[in-house]
Amino acid sequence: MTSETISTALSTKQLFEINQLLDHVSSRQKKDFGNINSYLKDDGTLITDCDKWSDQTIVNTLSEVTPGEGVLSEEGSKTVPITENYWIVDPLDGTTNFAAGIPYWAISMARFVNGQPETAFLEIPALQKRIFAIKGQGVWINDSRISKEHRKNSQSECISLCSRSIRILQKIPDQSFPGKIRLLGVASLNMVSVAIGQTIGALEATPKIWDLASAWLILSELGCPVQWLKEDPSQLQTGQNLSNASFPVLTTNSQEEMKKLQPWADVLIKN
């Protein structure tokens with residue numbers, strides 16, 4: 001995987017430094033895993049000292065590696081940067097899992113150009129897996145390129161729901177849900193699981209922009225249908241505060257599965 005074949009936007013040196021950053025943050029998170037206390041934020045969600053350290057380290061390093069590009073992050077500024085290009089970061093997606101000793105969480109970083117994700121990095125520390133995507137160029141997992149065929153060969157019948165979308169089962173009690181339900185607790189990975197063939201669909205009720213930024217590009221590059229159920233993140237405005245903004249989304253591995261899950265998504269939004 002070389003910059004000449006995957007990116008003209010970021011230089012070889014920048015890509016190398018960002019991968020080094022991911023190595024550094026991932027290493028620290030694995031070291032802290034199972035040995036750190038969690039706290040409640042004002043919005044009732046969990047945070048750990050590792051979240052804070054990871055956020056500061058990523059934001060500071062990106063500011064050095066890509067000078068002049070703003071950063072929106074879950075634990076930092078939640079305002080859409082005024083710079084032409086900018087980053088959206090979730091330093092530790094899946095804090096509840098991380099704090100509970102469940103080895104499934106992610107580091108998400110997406111670079112936006114013209115309001116759309118152009119480069120995406122999604123790190124899964126506990127699985128030693130790094131997913132990388134470039135708009136118009138494709139997706140790599142640990143330096144191996146994957147294609148749409150990888151997903152099509154999957155025999156999965158699983159559908160990922162989040163803890164808030166699970167209520168749809170109570171809204172249509174007379175109908176069988178069209179898949180085997182999985183609740184993994186990590187929004188970015190729930191969505192990406194569709195793109196890489198682990199699941200056939202994912203329904204997220206209240207994802208924030210930092211939850212979906214990297215997954216959005218990975219799904220797009222692998223040809224997965226994505227339907228924004230209310231707000232469209234492609235319509236972000238400079239200076240917009242996204243602290244309380246959610247972007248409910250349904251994504252599937254095909255248009256056929258999209259049709260099967262659409263009624264359930266409609267129920268989620270109506271209720």
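With a 10 Å cut-off between alpha carbons and a GNM built on the chain, which of Ile47, Ile82, Ile131 moves the most? Looking only at Ile47, Ile82, Ile131, the largest GNM fluctuation is found for Ile82. A Cα-only calculation for the chain places Rg and Dmax at 17.8, 57 Å.
Dividing the summed -39500 (n - 2.57) terms of all DSSP H runs of n ≥ 4 by the residue count of the chain sets its mean residue ellipticity at 222 nm at -10500 deg cm²/dmol. Among residues other than Ser144 with Cβ under 14 Å from its Cβ, the summed charge is +1 (Lys and Arg +1, Asp and Glu -1). Taken as Cα centroids, the range 99-134 and the range 9-43 sit 10 Å apart, rounded to the nearest whole angstrom.
Look at the alpha carbon pairs under 8 Å that are at least 6 residues apart: their mean separation over the length of the range 1-92 gives a relative contact order of 20 percent. Partner aspartates and glutamates whose Cα lies under 19 Å from the Cα of Lys41, excluding those fewer than 8 positions away in the same chain, are identified as Asp49, Asp51, Asp55, Glu74, Glu75, Asp90, Asp93, Asp211.
Against the chain, whose longest principal axis is taken from its Cα atoms, helix 12-32 shows a tilt of about 70°.
I'd like the orientation of helix 255-270 relative to the chain: the angle between its Cα long axis and the longest Cα principal axis, in ° from 0 to 90, rounded to 10. In the chain, helix 255-270 runs at an angle near 90 degrees to the longest axis. Neighbours of Ser176, meaning other residues whose beta-carbon lies under 13 angstrom from its beta-carbon, give a summed charge of 0 when Lys and Arg score +1 and Asp and Glu score -1.
Electrostatic bookkeeping for Met191 treats Lys and Arg as +1 and Asp and Glu as -1; over the other residues with beta carbon under 11 Å from its beta carbon, the sum is -3. Excluding residues fewer than 8 places away in the same chain, name every one of the lysines whose C-alpha is closer than 29 Å to that of Lys171. Leaving aside lysines fewer than 8 places away in the same chain, those within reach of Lys171 are Lys180, Lys208, Lys230, Lys259, Lys260, Lys270. As a length-normalised measure over Cα pairs under 8 Å and 6 or more apart, the relative contact order of the chain settles at 16 percent.
Any read-out appearing in this document is the output of simple, stated calculations on the displayed coordinates, not a laboratory observation. None of these values were measured; they are calculated from a predicted model. Note: ideal-geometry Cβ built from the backbone for every residue, glycine included; neighbour counts use all protein chains shown.
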